[in-house]
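As structure tokens, the structure follows; a few thoughts come after it.
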Amino acid sequence: MKKNAMLPALILVALLANGQQKKSGNPLFPGWYADPEAVIFNKTYWIYPTYSAPYHKQVFMDAFSSRDLVHWEKHEKILDTASVKWAKRALWAPAIVKKKNRYFLFFGANDIQNDQQTGGIGVAVASKPQGPFKDYLGQPLVSRFYNGAQPIDQFVFKDKDGAWYLIYGGWRHCNIARLKDDFTGFIPFEDGSTFKEITPEKYVEGPVMFIRKGKYYFMWSEGGWTGPDYSVSYAIADSPLGPFKRIGKVLQQDPAIANGAGHHSVIQVPGRDEWYIIYHRRPVTEKDGNARQTCIEHLYFNEDGTIKPVVLTNTGVAAKPLK
């Protein structure tokens, strides 16, 4: 009888242990990776990050896929400068969308400092999410400083009416521009302008936009990317053009866990009001600015639609297979 009485307790311990094994853990995968773009393609989670290294070594991009947020497969060198003749270094912050069975990867390259240098935001295309990706345009999509925005940190947003927008910008300026349906250029707005500035207070870089319950959430990174003040704030508006009034920070460092938490993306579980934030951070043991790791946490909302501050963890999130 005593042995039988112990069985439920042993089963419970086994279940708990199994549950612990099904946590993603943070970081999600080994290696120095930053600026993660997380998306869902074909019932699979994908993350497209920047390879975090000195600029002259950032000549390729890897991707990672998972069916459950816990087990990740690495896809090496889905894009490299050998397939983009004008790109030489500093491949940054990929953004990816699927359109008509093709995958379009938007990327920053060369870290240009003025309009006389070659580089900016480019587009690559592939028939599969793991690539290989090839240059789509043969030249940058955005190669100039409009409204003071460095052409980096691109995000591609699809509105409810099917319109596609490019939202981008470094150097504390953010622009939005409506993309042509074939992603070869832009459609001017009604007032004749092509690039509209939507920069909110304290914006630095790393824009992200999504729709929840009819509202447009705009998020961005603040502070210096090598410093402990790197963080994410947000605003809410009724249009992708804003105006966006800063509400406050939702992601920042926890000195007990990690420093420099920022430059993120957001994914929603299809058909559910269930959200995740994927971001990079620096281990407290590391001083090198490029020592950045890709991590994940839950993103929760208050009843009034505001976002709850994100809690940094080492455990990450539970397994979430897609149906």
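List of remarks:
- Rounded to the nearest 10 Å², the accessible area of residue 297 at probe 1.4 Å: 0
- Most fluctuating residue given options 82, 63, 90, as computed from a GNM of the chain linking Cα atoms under 10 Å: 82
- Here the sum of -39500 (n - 2.57) over DSSP H runs of 4 or more residues, divided by the residues of the chain, equals -2000 deg cm²/dmol at 222 nm, to the nearest 500.
- Between residue 172 and residue 285, the modelled labels are 3.6 nm apart [label points 7 Å from Cα along Cα→Cβ].
- Fully extending the segment from residue 226 to residue 158 would add 21.4 nm, taking 0.36 nm per residue of separation and subtracting the current Cα-Cα distance.
- Contour excess over end-to-end distance, with Cα ends at residue 44 and residue 189 and 0.36 nm allotted per residue: 48.7 nm
- Compared with the alpha-carbon gap, the fully stretched path from residue 245 to residue 319 is longer by 23.1 nm at 0.36 nm per residue.
- The alpha-carbon of residue 22 sits under 14 angstrom from the alpha-carbons of these aspartates and glutamates, leaving out residues fewer than 8 places away in its chain: 68.
- Gaussian network model of the chain, Cα within-10 Å springs - most flexible of 101, 110, 147: 101
- HN-Hα J in Hz across segment 275-286 - Karplus 6.51, -1.76, 1.60, θ = phi - 60°, x for Gly and Pro: 10, 10, 10, 10, 8, 10, 8, 10, x, 5, 7, 9
- Of 180/323; 77/320; 98/323; 85/202, those spanning more than 25 Å from alpha-carbon to alpha-carbon: 180/323; 77/320; 85/202
- Cross-link pairs 74/128; 100/160; 160/249 - those with Cα-Cα distance over 22 Å: 160/249
- Most mobile listed residue (231, 83, 265) in the chain, GNM with C-alpha springs under 10 Å: 83
- Sparsely packed loop sites in segment 155-185 (the trypsin sites (Lys or Arg not before Pro) outside DSSP H, G, I, E and B with at most 15 other Cβ atoms within 10 Å) comprise 160, 172, 180.
- Rounded, prolate or oblate (a/c below 1.5 giving rounded, otherwise prolate when a/b exceeds b/c) for segment 24-132 by Cα gyration tensor: oblate
- The computed Cα Rg over 2.2 N^0.38 Å for the structure shown corresponds, within [x] 1.02; [y] 1.12; [z] 0.95, to [x].
- FRET efficiency estimate (nearest 0.05) - Cβ-Cβ, residue 117 to residue 272, R0 41 angstrom: 0.35
The values are calculated or read from the model by the stated rules, or taken from the named source; none is laboratory data. The shown structure was predicted, so the numbers you read here are calculated from the model rather than taken from an experiment. For neighbour counting, all protein chains shown are included, and Cβ atoms are generated from backbone atoms with ideal geometry for every residue, glycine included. To get the accessible areas, we keep the full protein, side chains included, count just its heavy atoms, and leave off ligands, DNA and RNA. Shrake-Rupley method; radii C 1.70, N 1.55, O 1.52, S 1.80 Å.
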